[in-house]
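The values are calculated or read from the model by the stated rules, or taken from the named source; none is laboratory data. Quick caveat, the model's predicted, so the values are computed rather than measured. With ideal geometry, Cβ positions are generated from the backbone for all residues, glycine too; neighbour counts draw on all protein chains shown. Quick note on the areas: whole protein, heavy atoms, side chains included, nothing else; ligands and nucleic acids left out. Shrake-Rupley method; radii C 1.70, N 1.55, O 1.52, S 1.80 Å.
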Amino acid sequence: MREQGDPNKAPALALTPVSRETLARLEKFVALLLTWQRRINFISASTIPQVWTRHIADSLQLLPLAPTAKVWVDFGSGGGFPGIPIACALAGQGGAMAHLVESNGKKAAFLREAVRALDLPAQVHHMRVEKFGESWQGPADAVTARALAPLKTLCDQAFPLTARGAAGLFPKGQDVEAELTEAAKCWTIQAVKVPSKTSPEGCIVVITSLQARPPTKAHPR
């Protein structure tokens with residue numbers, strides 16, 4: 001599982017260039033992830049050989065989509081994507097903070113260890129995403145989630161944050177149109193789809209405004 005010889009690292013970094021300091025943090029994170037991966041299944045085993053492209057670059061590509069965002073909220077952080085790579089890139093910037101929300105105890109423990117070992121501007125919240133959205137009163141510039149839930153559910157969960165000005169950045173795959181159609185039944189969404197740099201069939205749905213639709217009245221018989 002040694003990542004130093006990963007042939008995907010250079011192409012991945014060409015897609016999402018980072019500073020030397022950020023690269024050092026990312027290398028340390030990948031080593032820690034692959035060590036813990038032997039005991040806890042954070043990422044699909046088939047993606048380990050492409051960890052730098054499929055997971056690191058896939059996470060970092062969100063940063064330019066919210067260039068002024070300092071405070072990020074990552075729903076369902078799991079193995080740390082996209083929250084930990086984002087925190088690695090933001091480290092050293094004044095006011096930067098990544099809030100990593102994860103309900104699984106073992107995964108939350110890994111996230112805490114990664115934050116400690118890499119000295120990241122991040123905080124782990126061991127709780128359900130819905131509870132965080134309802135209770136969080138702090139600032140948030142961007143909210144994201146990767147492979148967590150359909151877009152309609154993400155809109156439900158993210159609305160308390162987007163209502164206060166946070167942008168929503170949600171990586172999606174080939175079913176994005178169906179998810180947008182379903183979400184639009186409950187939400188008026190202002191969004192753009194940005195092509196993914198790491199997946200030909202993928203995109204990032206960038207939500208700039210989210211308003212709940214009024215309930216549909218039943219027609220009298």
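So here's what we get for this one:
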item	result
The stretch 140-157 - residue that is in a loop (DSSP other than H, G, I, E, B) and small (G, A, S) and, of those, most open to solvent (accessible area, probe 1.4 Å)	A147
Per-region count, the stretch 158-178, residues over 12 Å from I207 (Cβ atoms) and surrounded by 18 or more Cβ atoms within 10 Å (Cβ to Cβ)	3
Any chance V73 is more than 23 Å from H99 (Cβ to Cβ) and under 16 Å from the mean Cα position of the chain (by Cα)	no
Looking only at the stretch 16-46, and only at residues there that are β-branched (V, I, T) and out of contact with any Ser or Thr (no Cβ under 9 Å at 6 or more places or on another chain), the one that is surrounded by the fewest Cβ atoms within 10 Å (Cβ to Cβ)	T35
Where M127 falls short, out of the listed (1) farther than 24 Å from L180 by Cβ; (2) touching a Phe, Trp or Tyr at 6+ places or on another chain (Cβ under 9 Å)	(2)
Candidate set from the stretch 79-109 (those that are in contact (Cβ under 8 Å) with a residue 60 or more places away in the chain and part of a loop (DSSP other than H, G, I, E, B)); member that is most open to solvent (accessible area, probe 1.4 Å)	G92
Among residues of the stretch 7-38, those that are part of a loop (DSSP other than H, G, I, E, B) and not β-branched (V, I, T), counted	5
Where M127 falls short, out of the listed (1) open to solvent by 10 Å² or more (accessible area, probe 1.4 Å); (2) modelled with pLDDT of 95 or more; (3) of a type in the set (A, V, I, L, M); (4) in contact with a helix residue (DSSP H, G or I) (Cβ under 6 Å, 6 or more places away or on another chain)	(4)
V115, sole failed condition from (1) of a type in the set (A, V, I, L, M); (2) surrounded by 24 or more Cβ atoms within 10 Å (Cβ to Cβ); (3) touching a strand residue (DSSP E or B) at 6+ places or on another chain (Cβ under 6 Å)	(2)
Test for S59: is it part of a helix (DSSP H, G or I), under 23 Å from G165 (Cβ atoms) and open to solvent by less than 20 Å² (accessible area, probe 1.4 Å)	yes
Exclusive hit being in contact (Cβ under 8 Å) with a residue 40 or more places away in the chain, in a loop (DSSP other than H, G, I, E, B) and within 19 Å of L169 (Cβ to Cβ), set T53, T68	T68
